[in-house]
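All of the numbers you see were taken from the coordinates with simple rules; none came from a lab. What you see is a predicted model; the values in this text were computed from it and never measured. Reconstructed Cβ throughout: ideal geometry from the backbone, glycine too, with neighbour counts over all protein chains shown.
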Amino acid sequence: EPEVTQTPSHQVTQMGQEVILRCVPISNHLYFYWYRQILGQKVEFLVSFYNNEISEKSEIFDDQFSVERPDGSNFTLKIRSTKLEDSAMYFCASSEEDRVLHGYTFGSGTRLTVV
Amino acid sequence: GNSVTQMEGPVTLSEEAFLTINCTYTATGYPSLFWYVQYPGEGLQLLLKATKADDKGSNKGFEATYRKETTSFHLEKGSVQVSDSAVYFCALIRQAGTALIFGKGTTLSVSS
């Protein structure tokens, strides 16, 4: 069964450093997403991406965040200057055009720890 | 705004017990509703969905019915197994939206 692959599974970074979280969505999917889950809290939507541009973003997704699909297979989330409160599990997801009918496929997540 | 409220966990049951996890939502228009499950160390997996009022989603013995009059989508299973131990998330997509909006998740622990 096709999978969404995320790397690394765990990343530790110092406050103020830039991090890039990587995802390989399912190859025939058209929509790509990032979500995060702070420990013990709800899964929060960050951004959706379609046709090489952001289609929707939440208030969490401020100027510190950016997304990119650099080469037609990878989908990345960059945090420019990490803060302690960015520590969370970050999930990538992808979906076909009809995301309601076919649903979203999530990766296993990257646990980001900012120290 | 759009939001999902789930019952607080953890829920602790014995094997073969009946399960209900309550979920209510607030949304404009006619959202689509989902239950996702997260097993330890894994990502989120779609468990079931319903796209309009009175639809019943079902999968692996789990069921949930889209109730517009009570804005609810409660998850039920008649007889739980140890392997059902996981975190369960209720979620919605608003009409014409792309974002899945999740509840806080409910941890289910089933013992033999």
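Odds and ends about this structure:
- Among residues of region B:78-89, those that are of a type outside the set (Asp, Glu) and closer than 25 Å to residue A:93 by Cβ, counted: 6
- Qualifying positions in region B:69-106 - of a type outside the set (Val, Ile, Thr), more than 11 Å from chain A (Cβ to nearest Cβ), in a loop (DSSP other than H, G, I, E, B) and touching a residue at least 24 places away in the same chain (Cβ under 8 Å): B:73, B:74, B:78, B:79, B:81, B:85
- The residues listed here are B:20, B:5, B:12, B:24; of these, the one that is crowded, with 17+ Cβ neighbours inside 10 Å and not in a loop (DSSP other than H, G, I, E, B) is B:24.
- Checked across region B:27-44, the condition of being away from chain A (no Cβ under 12 Å) and over 26 Å from residue A:33 (Cβ atoms) holds for no residue.
- Residue in region B:41-55 that is in contact with an Asp or Glu (Cβ under 9 Å, 6 or more places away or on another chain), surrounded by fewer than 19 Cβ atoms within 10 Å (Cβ to Cβ) and farther than 15 Å from residue A:42 by Cα present: yes
- Region A:105-115, residues that are crowded, with 20+ Cβ neighbours inside 10 Å, facing chain B (nearest Cβ under 8 Å) and under 18 Å from residue A:12 (Cβ atoms): A:109
- The criterion of at least 3 residues that are of a type outside the set (Gly, Ala, Ser) and within 11 Å of chain B (Cβ to nearest Cβ) is met, among strands (runs of 3 or more DSSP E) falling completely within region A:1-104, by A:31-37, A:43-50, A:53-57, A:88-95.
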